[in-house]
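Inspection log for the structure reproduced underneath, given as structure tokens.
The values are calculated or read from the model by the stated rules, or taken from the named source; none is laboratory data. None of the values given here were measured: they were computed from a predicted structure. Glycine gets a Cβ as well: all are built from the backbone with ideal geometry, and neighbour counts include every protein chain shown. Remember, those area values only see protein heavy atoms, side chains included, never the ligands or the DNA or RNA. Shrake-Rupley method; radii C 1.70, N 1.55, O 1.52, S 1.80 Å.
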Amino acid sequence: VELGFFYRNPENRGGVFTAGGEQLMFDVTEDGTGNCPSIPTGVDPDTGVTSSIIASNVSANNPDCFSFTEWFPGGYTPDFGGGVVDFSNTTGIRGEFDDGTSYDVSLGNGFSEITYFLTDTTNPSMGPDSPTSFEPGIYTTIENNLNIDFVKPIEMDGLYSPLNVAYGVEWRREIFKVRSEDEDSYRIGPYADQGGGVGSDGFQGFSPQQMGSWDRKNWAFYVDLEADVTERLLLGAALRYEDFYDSFGDTTNGKLSMRYRLTDTTNIRSTVSTGFRAPSPGQANIVNISTGVDNNIPITDGQIPPTNPLAVEFGGKPLQPEDSTNFSIGVATELGPIDLTADFYRIEMEDRILNSSNFEITEEEAQRLEESGITGARSIRRFTYYTNDMDTTNQGVEIVASTSYDWGDAGVTDFNGSWAWTDQELDDFTPDLLSRSGQLALTEEIPENRGNFRVNHNLMDWRFTLQANYYDEFLVVPSNNDPSQDYMHGSDIIFGGEVSYTWRNNLQIIVGADNLFDTMPERVRNPSQFTSNPFVTSVSYSPNGRMVYTRLRFDL
């Protein structure tokens with residue numbers, strides 16, 4: 001994965017090219033006697049030459065002084081990315097005992113790692129000794145799951161069907177690791193005291209204090225009962241006990257479900273349940289220093305742990321689990337050749353985990369972050385952290401319809417259509433921890449209505465697919481502090497398609513395209529004030545336009 005960061009303008013990028021209202025000139029003499037000139041930023045009124053060009057000439061011709069304009073007279077745009085490795089496997093055994101109890105024992109392992117890289121940039125605090133490419137850090141997540149499950153039908157008087165009893169245990173371990181193998185990406189160079197930013201510019205490397213390994217273990221037991229009470233009514237109940245014995249303690253959650261057969265082709269179904277989600281070790285411990293934009297000028301943002309002393313001063317607390325209460329009711333029926341389902345759901349969440357608002361900090365507070373072990377923090381001007389500070393209610397309606405038509409020798413066509421209405425309300429939150437734009441991002445910046453229509457035609461070894469996705473209008477919020485800048489983005493229909501051919505039943509070649517007609521979002525209004533991207537990026541589809549792909553699939 002690779003992308004460009006924000007452009008570093010040699011006239012205003014503090015910590016690299018400028019310091020205050022002057023060009024940043026490093027005195028590279030051992031005794032500090034370089035006497036480097038003061039060069040105000042902007043255009044010299046007498047010569048008409050910009051300050052970055054003047055600084056570049058001084059740096060090139062004066063061995064006692066150095067400016068990064070000598071290397072990058074027009075500024076630079078760091079190239080940022082990461083190499084991603086994902087691996088997972090599940091190994092197990094299943095069978096049945098003599099008494100009719102079936103068993104399934106499995107061990108699952110997951111591994112995900114991203115190694116970041118950064119090129120066309122600098123560690124400003126190293127001055128002329130700085131590299132221009134770095135590997136600032138590596139994130140690793142490992143998950144292990146051991147599951148032992150049993151299912152046994154039990155004949156019971158008074159029930160229309162045997163009582164199906166399922167039960168089992170699960171043990172789970174999650175590991176989150178942070179490390180860096182590139183000292184220059186977090187090195188505090190000799191020119192930090194002269195105003196040079198610390199660490200690889202754009203994404204600071206992880207310092208030894210930030211590196212580490214955090215793990216969490218939990219085990220769970222569950223039992224699930226289900227039976228046809230009558231010919232028409234099916235009832236189910238489940239209970240799950242889970243113990244995070246090295247962190248959050250224990251929790252018990254349950255579920256009640258029913259299905260009632262009105263006719264041979266129509267069923268009503270409903271479920272009520274409670275839920276629980278513990279924060280991941282990564283959410284509780286992540287540190288991320290990168291570049292954002294404020295008034296069209298790049299500045300350094302920080303993501304810090306909620307338990308960092310500075311985060312605590314701004315309301316940070318150790319993360320706690322999220323709790324939820326869920327309800328759904330729906331109908332499944334057949335209308336002639338059409339299969340139709342319609343469902344309503346409502347989810348109430350408490351202590352939901354979200355990213356806090358940006359907190360503006362002083363240079364002294366940033367220095368304290370640096371002293372706590374967060375490399376590059378001296379250049380931070382705002383930071384965020386994860387927090388349990390929101391209760392929400394999500395509700396919606398989903399309708400799905402499907403049918404097929406057999407054309408004889410011309411093949412079979414499947415038609416599928418769906419529509420969804422969603423609504424999210426903020427029931428409780430602390431205004432200081434969730435900004436106006438953050439509130440609207442969770443409510444008004446999400447399309448209320450979405451639709452999908454898909455046609456799939458199979459003809460011998462060929463498959464042809466065409467689909468259309470509809471996205472409702474939504475609010476765009478360019479500025480957190482100026483509601484007058486808000487505006488509505490219109491609805492869009494995005495098309496996609498695939499053609500595939502299967503050879504000898506197990507080799508499949510697929511050619512397709514997402515966003516077939518290269519539909520772009522609306523252009524940003526007032527882009528010079530609020531963003532460096534010409535198109536709105538908060539759309540529900542990719543703002544990068546058409547993507548063409550090929551896939552090769554082989555089934556053993």
Meets criteria (at pLDDT 95 or above, open to solvent by less than 50 Å² (accessible area, probe 1.4 Å) and out of contact with any Cys (no Cβ under 6 Å at 6 or more places or on another chain)) for Ser88: no
Single residue of Gly411, Gly417 found to be surrounded by fewer than 16 Cβ atoms within 10 Å (Cβ to Cβ), small (Gly, Ala, Ser), modelled with pLDDT of 90 or more and more than 30 Å from Gln303 (Cα to Cα): Gly411
Scope the stretch 25-40; condition touching a residue at least 24 places away in the same chain (Cβ under 8 Å), surrounded by fewer than 19 Cβ atoms within 10 Å (Cβ to Cβ) and within 44 Å of the chain's Cα centre (by Cα); matching residues: Asp27
Number of positions in the stretch 113-138 that are of a type in the set (Phe, Trp, Tyr) and open to solvent by less than 20 Å² (accessible area, probe 1.4 Å): 1
Residue match in the stretch 360-372 (condition: assigned to a strand (DSSP E or B), more than 30 Å from Val499 (Cβ to Cβ) and open to solvent by less than 50 Å² (accessible area, probe 1.4 Å)): no
Qualifying residue in the stretch 164-180 (condition: in contact with a Gly (Cβ under 6 Å, 6 or more places away or on another chain), in contact (Cβ under 8 Å) with a residue 12 or more places away in the chain and open to solvent by 20 Å² or more (accessible area, probe 1.4 Å)): no
Filter result for Val151 (surrounded by fewer than 20 Cβ atoms within 10 Å (Cβ to Cβ) and not in a helix (DSSP H, G or I)): yes
Criterion: within 30 Å of Phe80 (Cβ to Cβ), small (Gly, Ala, Ser) and at pLDDT below 95 - qualifying residue of Ser290, Ser247: Ser290
Candidates Phe80, Phe87, Phe68, filtered to the one that is farther than 21 Å from Pro124 by Cβ and among the aromatic types (Phe, Trp, Tyr): Phe87
Test for Glu231: is it open to solvent by 50 Å² or more (accessible area, probe 1.4 Å) and charged (D, E, K, R): yes
Residue within the stretch 477-485 that is touching a Leu at 6+ places or on another chain (Cβ under 9 Å) and either assigned to a helix (DSSP H, G or I) or open to solvent by less than 40 Å² (accessible area, probe 1.4 Å) (or both) present: yes
Hey, Asp427 outside any strand (DSSP E or B) and more than 21 Å from the chain's Cα centre (by Cα) or not: no
Pick from the stretch 41-69, criterion in a loop (DSSP other than H, G, I, E, B) and not polar (S, T, N, Q), ranking: most open to solvent (accessible area, probe 1.4 Å): Asp46
Subset of the stretch 21-38 (residues that are in a loop (DSSP other than H, G, I, E, B), touching a strand residue (DSSP E or B) at 6+ places or on another chain (Cβ under 8 Å) and not polar (S, T, N, Q)): Gly21, Leu24, Met25, Val28, Gly34, Cys36, Pro37
Some residue of the stretch 387-396 being under 26 Å from the mean Cα position of the chain (by Cα), touching a residue at least 40 places away in the same chain (Cβ under 8 Å) and loosely packed, with under 15 Cβ neighbours inside 10 Å: yes
Any chance Tyr541 is assigned to a strand (DSSP E or B) and either among the small types (Gly, Ala, Ser) or touching a residue at least 12 places away in the same chain (Cβ under 8 Å) (or both): no
